[in-house]
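For reference, the structure discussed in these notes is given below.
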Amino acid sequence: MTQKTLTTWALAALCSLGCGAAALAQDSSALLDALVRKKVLTSQEAEDVRADLIKDNAQTNAGKLQLSNSITSLKLYGDIRLRYQYDDVQKQLAAAKNDIHDTQQDRERIRLRLGADFTLNGGFFGGVGLQTAQAADSANQTVNSSSDSAAGFGNYNIYISKAYFGWANDWLTAIGGKQANPFYTTDLVWDPDINPVGAVEKIDIIKGFDALSSNSGDIRSEGPFNLSLVAGQLAFSDNTEANTSVWAGTKNEATHDNATDCWLFDTQLIASAKVASGVKVTVAPGYMTYTNGNTSGVNNSVSFNSTSGTTTYLASANGTAFSSQRDLSIITAPGDVSFKVCGLPAKVLWDFAYNTAGSKRATDVLGLTGVGTTTVKSANGVSYTYPVATHSSRDDIAWLAGAQVGENKKAGDWSVFGNFRQTGIAAVDPNLNDSDFAAGYLNMQGVKAGVNYSLTDYCVASVTYFDAWNLRSNVYGGQATGGNAIAAANSVQLVQVDLNLKF
Amino acid sequence: MKTLIAFAAAIAASATMASAQQLVIKGSDTLGAKLVPQLAEAYKAENPGVTFSIAAEGSSTGFAALLDQTAHIGMASRRAKPTETSAALAKGLELRPTIVAWDGIAIILNSSNLLKGLTKKQVEQIFTGDITDWSAVGGAPGKISVYTRNTASGTYADFKELAMNKRDYAGSAQKMAGNEQIVSEVAKNPAGIGYVGLAYVKAPGVKVAPVDGKTPTQADVRDRSYPYSRPTFYYTNGAPAGATKSFVDFTLSAKGQKIVEQVGFVPVK
């Protein structure tokens, strides 16, 4: 038998097993060894075939790629999204008559995301991500935007959106760096575009107990009930501790505390159970809070920090409080029930957030003290005077309820979804909530609904509609309409038409 | 002009080959420390016009020499890596393997070690550092001293694949340049453990530890029932020709394979 015939024979056998061309060289050893054992091939003939396969593979595009020996797997991925967006924001009245109260705009936007996930020997793994746009809550680049020199066919910037590595065994995962959101959540509390940075630990509690109570190290397979803990120590704002610009008092040791770093601690217990055939329930109670460090440079830094200084968490040298408290101690409780409807995957889902320090946040941080009045003017100059708003228990709560049917995995798939939510002004962090619903404004309620259709296995067309209006009307004063004006909208309508191609 | 240069180069190359008849062989210490020198001596006895230059510094150096075209034969105790194959193709070369002998990587202990044997799992755990004390595998208490080959060695790579589930060596493992150095260190150290090719197991001061009850006998290596069995290779640029082919053929001949067996390897045929 000639070598060429042997190679052809082996190739045919391998192909009949369904191997791809690039995988042939890697997967052929077992088959060749079996052929040698059965004396179909001699060892040398098998070696010749193996060498030919390796040579052929080396000539493929994949075979030319050289990776570090320590990498055990590498996944490259990305997506490009083309979006048309129309939004209409009707704001509450402002101090000057010429302020624009009704903003309408339509934008053509593009989003590019590139990623690489890799695993290494010994349980280590990591990933990097690049994307258009710098904002934490949006990777959209408005095409030919005049505001960032992209007009006239200018080019776009690329930013690092992920850079992390970690270690995992069967029950413990530890990750450090800028990473995908590790929490079970909805866009009520966390904008899905945000990749937080810090340290994260995930513990599969049941597998952990099994592993620690057994010397064999055998891990049980996934059962009908799963329980895990996710804890994040997330660096929200890092400050130079000696930054005297933070507080204008006497420069001494105490002033260093003025610039204490701001950390977000978020911990969540995720429990899921298969309660019936095809029905799974997941609940994920959690708690999130911030340390009282100074914060600057984020979109809502003014409204995020305290303004009144009535509570001294970290007193400066002369006893004056400074703007670092935020009174966000939020209990969260998202969950879902997944099941099938007419053979299609479906779920009802919910989310809930209650800021246990909502009253203090409304008064001390957001300045809704009920003291004094605010005068505003309509577009034609008519003045209106409103009292500065006071705290309401509705301010402390945010909730969402919704449903979705279908999924988008292959060509022809479709899905629809819809939800209703209310978001109190003191309920969530205005830096984290979804920037699309109500354009990110708080003290809003409304619906989000959409439909997705898979044109191909990798290309999905989507239409999403948002309609939001005030949760409480005439909330004037403080940070509601001043500062970062986090509740300055009366109503917001927004439409997004997307074409998203994944690769 | 190009034709002239090619013509001149061809004349120069043929003149070099004709006058020197020197075979340059580089690569694996497993093959190059004992077997290939003995084969070369026997071959020279029949072909006095041929001289040899043999350098045994690890399989990687053999592939590097083939890629640099500074060797006729690359000795290897492992297969060429895809990256080495790609690099060869990029230079217009083809790495062609010829199996010249079979080998079993033997686990060796100091002869004073009372341990009767190890399991495959225990071998993996010892060499990766999961187990660091002999008491964990049924031996007398004491810290385990692990000796391995260095990273240029084909045996180093083969052992990771065959015995360690491709995991990394323990950070405390001491890397040795050759099989003989490992034998020497394990013979001196009662807490030592290492691995060597079959040709190096009959040294004073060391003993072979059965793995899952199997010792690397000729029969077990030949039928691959010994878990750490492996072929060893001559790699050439394409099919061997000229003096290179003559030496490869001699290695595979009955006379050559007898030397293979005498040195301690398992013959191909």
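Does region A:419-435 contain at least one residue that is assigned to a strand (DSSP E or B), under 30 Å from A:GLY78 (Cα atoms) and within 19 Å of the chain's Cα centre (by Cα)? Quick ask: steps written out before the conclusion?
At the first step, the residues of region A:419-435 found to be assigned to a strand (DSSP E or B) are A:419-423.
Filter once more, so that each one left must be under 30 Å from A:GLY78 (Cα atoms): A:419.
Those still in the list that are within 19 Å of the chain's Cα centre (by Cα) too: A:419.
Yes, region A:419-435 has at least one match.
Can you name the residue in region B:101-111 that is more than 10 Å from every other protein chain (Cβ to nearest Cβ) and closer than 10 Å to B:THR232 by Cβ and, of all such residues, is nearest to the chain's Cα centre (by Cα)?
Among those that are more than 10 Å from every other protein chain (Cβ to nearest Cβ) and closer than 10 Å to B:THR232 by Cβ, it is B:ASP103.
Name the single residue, out of those in region B:86-99 being in a helix (DSSP H, G or I) and at the interface with another protein chain (Cβ under 7 Å from one of its Cβ atoms), that is surrounded by the fewest Cβ atoms within 10 Å (Cβ to Cβ).
To start, the set of residues in region B:86-99 that are in a helix (DSSP H, G or I) comprises B:86-90.
This time we only want the ones that are at the interface with another protein chain (Cβ under 7 Å from one of its Cβ atoms), so: B:86, B:89.
Details: B:SER86: 20, B:LEU89: 16.
So the residue we want is B:LEU89.
Looking for something within 14 Å of another protein chain (Cβ to nearest Cβ) and assigned to a loop (DSSP other than H, G, I, E, B) - is there at least one such residue anywhere in region B:23-32?
no
Which is under 19 Å from the mean Cα position of the chain (by Cα), at pLDDT 95 or above and more than 14 Å from chain A (Cβ to nearest Cβ), of B:GLY178, B:GLY194?
Details: B:GLY178 fails: at pLDDT 95 or above.
Matching residue, one of B:GLY178, B:GLY194: B:GLY194.
Name every residue in region A:27-48 that is within 18 Å of B:PRO97 (Cα to Cα) and either within 11 Å of chain B (Cβ to nearest Cβ) or not in a helix (DSSP H, G or I) (or both), in order of residue number.
Once the filter is applied, which keeps residues that are within 18 Å of B:PRO97 (Cα to Cα) and either within 11 Å of chain B (Cβ to nearest Cβ) or not in a helix (DSSP H, G or I) (or both), region A:27-48 yields A:SER29, A:ASP33, A:VAL36, A:LEU41, A:THR42, A:SER43, A:GLN44, A:GLU45, A:ALA46, A:GLU47, A:ASP48.
Which pairs do you get when a residue that is on the phi > 0 side of the Ramachandran plot, found in region B:104-129, comes within reach of a residue that is aromatic (Phe, Trp, Tyr), reach meaning Cβ atoms under 9 angstrom, with the pair 6+ apart or on two chains?
From region B:104-129, the pairs are B:GLY129/B:TYR169.
On the basis of being hydroxyl-bearing (Ser, Thr, Tyr), surrounded by fewer than 19 Cβ atoms within 10 Å (Cβ to Cβ) and within 20 Å of the chain's Cα centre (by Cα), does A:SER462 make the cut?
yes
Could you count how many residues in region B:55-65 are surrounded by fewer than 24 Cβ atoms within 10 Å (Cβ to Cβ) and not in a helix (DSSP H, G or I)?
2
Residue-by-condition table, conditions (1) under 30 Å from A:LEU471 (Cβ atoms); (2) within 14 Å of chain B (Cβ to nearest Cβ); (3) basic (Lys, Arg):
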residue	(1), (2), (3)
A:LYS55	no, yes, yes
A:LEU67	no, yes, no
A:ASP79	no, no, no
A:PHE118	no, no, no
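Name the single residue that is surrounded by the fewest Cβ atoms within 10 Å (Cβ to Cβ) among those in region B:108-124 being farther than 13 Å from B:GLY194 by Cα and of a type in the set (D, E, K, R).
B:LYS116
Hey, among the residues in region B:23-64 that are among the small types (Gly, Ala, Ser) and over 21 Å from B:ASP103 (Cβ atoms), which one's farthest from the chain's Cα centre (by Cα)?
By that ranking, first place goes to B:GLY49.
For A:TRP350, only one of the following conditions fails: (1) at pLDDT 95 or above; (2) closer than 19 Å to A:ALA94 by Cα. What is its number?
Of (1) at pLDDT 95 or above; (2) closer than 19 Å to A:ALA94 by Cα, only one is false for A:TRP350: (2).
Looking at A:LYS97, A:LYS91, which one is over 16 Å from the mean Cα position of the chain (by Cα), surrounded by 15 or more Cβ atoms within 10 Å (Cβ to Cβ) and either at pLDDT 95 or above or farther than 30 Å from A:ALA427 by Cα (or both)?
From the options A:LYS97, A:LYS91, the qualifying one is A:LYS97.
Take the residues of region B:66-85 that are of a type in the set (Ser, Thr, Tyr) and either on the phi > 0 side of the Ramachandran plot or more than 12 Å from every other protein chain (Cβ to nearest Cβ) (or both): which is surrounded by the fewest Cβ atoms within 10 Å (Cβ to Cβ)?
Within region B:66-85, the match that is surrounded by the fewest Cβ atoms within 10 Å (Cβ to Cβ) is B:THR70.
I'm trying to understand the selection: among the residues of region B:228-244, which are surrounded by 17 or more Cβ atoms within 10 Å (Cβ to Cβ) and either out of contact with any Ser or Thr (no Cβ under 8 Å at 6 or more places or on another chain) or away from every other protein chain (no Cβ under 14 Å) (or both)? Spell out how you get there, then give the answer.
Our first condition is that a residue be surrounded by 17 or more Cβ atoms within 10 Å (Cβ to Cβ); within region B:228-244, this holds for B:228-237, B:240, B:243-244.
Listed by number, the residues that qualify are B:TYR228, B:SER229, B:ASN237, B:ALA243, B:THR244.
Given the criteria within 14 Å of chain A (Cβ to nearest Cβ), among the aromatic types (Phe, Trp, Tyr) and buried (at least 22 other Cβ atoms within 10 Å of the Cβ), does B:PHE127 qualify?
yes
For region A:159-189, which positions are in a loop (DSSP other than H, G, I, E, B) and over 14 Å from the mean Cα position of the chain (by Cα)?
Selection gives A:ASN169, A:ASP170, A:TRP171.
Given (1) out of contact with any Gly (no Cβ under 6 Å at 6 or more places or on another chain); (2) modelled with pLDDT of 95 or more, where does B:LYS81 come up short, assuming only one miss?
(2)
Given (1) over 24 Å from A:ARG50 (Cβ atoms); (2) of a type in the set (A, V, I, L, M, F, W, C); (3) part of a helix (DSSP H, G or I), identify the lone condition not met by B:VAL248.
(1)
Please enumerate the residues belonging to region A:28-38 that are at pLDDT 85 or above and either more than 22 Å from B:PRO82 (Cβ to Cβ) or touching an Asp or Glu at 6+ places or on another chain (Cβ under 9 Å) (or both).
Of everything in region A:28-38, those that are at pLDDT 85 or above and either more than 22 Å from B:PRO82 (Cβ to Cβ) or touching an Asp or Glu at 6+ places or on another chain (Cβ under 9 Å) (or both) turn out to be A:LEU32, A:LEU35.
Counting only residues that are surrounded by fewer than 18 Cβ atoms within 10 Å (Cβ to Cβ) and among the small types (Gly, Ala, Ser), how many does region A:470-482 have?
Here the count works out to 1.
Which of the numbered conditions does B:THR83 fail, given that it passes all the others? Conditions: (1) within 30 Å of A:GLN66 (Cα to Cα); (2) touching a Pro at 6+ places or on another chain (Cβ under 8 Å); (3) assigned to a helix (DSSP H, G or I); (4) not hydrophobic (A, V, I, L, M, F, W, C).
That leaves (2) as the condition not met.
Out of the residues in region B:210-225 meeting the condition of being touching a helix residue (DSSP H, G or I) at 6+ places or on another chain (Cβ under 9 Å) and either on the phi > 0 side of the Ramachandran plot or not charged (D, E, K, R) (or both), tell me which one is surrounded by the fewest Cβ atoms within 10 Å (Cβ to Cβ).
The qualifying residue surrounded by the fewest Cβ atoms within 10 Å (Cβ to Cβ) is B:SER225.
The values are calculated or read from the model by the stated rules, or taken from the named source; none is laboratory data. Just so it is clear, the structure is predicted and the values come from calculations on it, not from any experiment. All Cβ positions, even for glycine, are placed from backbone atoms using ideal geometry, and neighbour counts span all protein chains on display.
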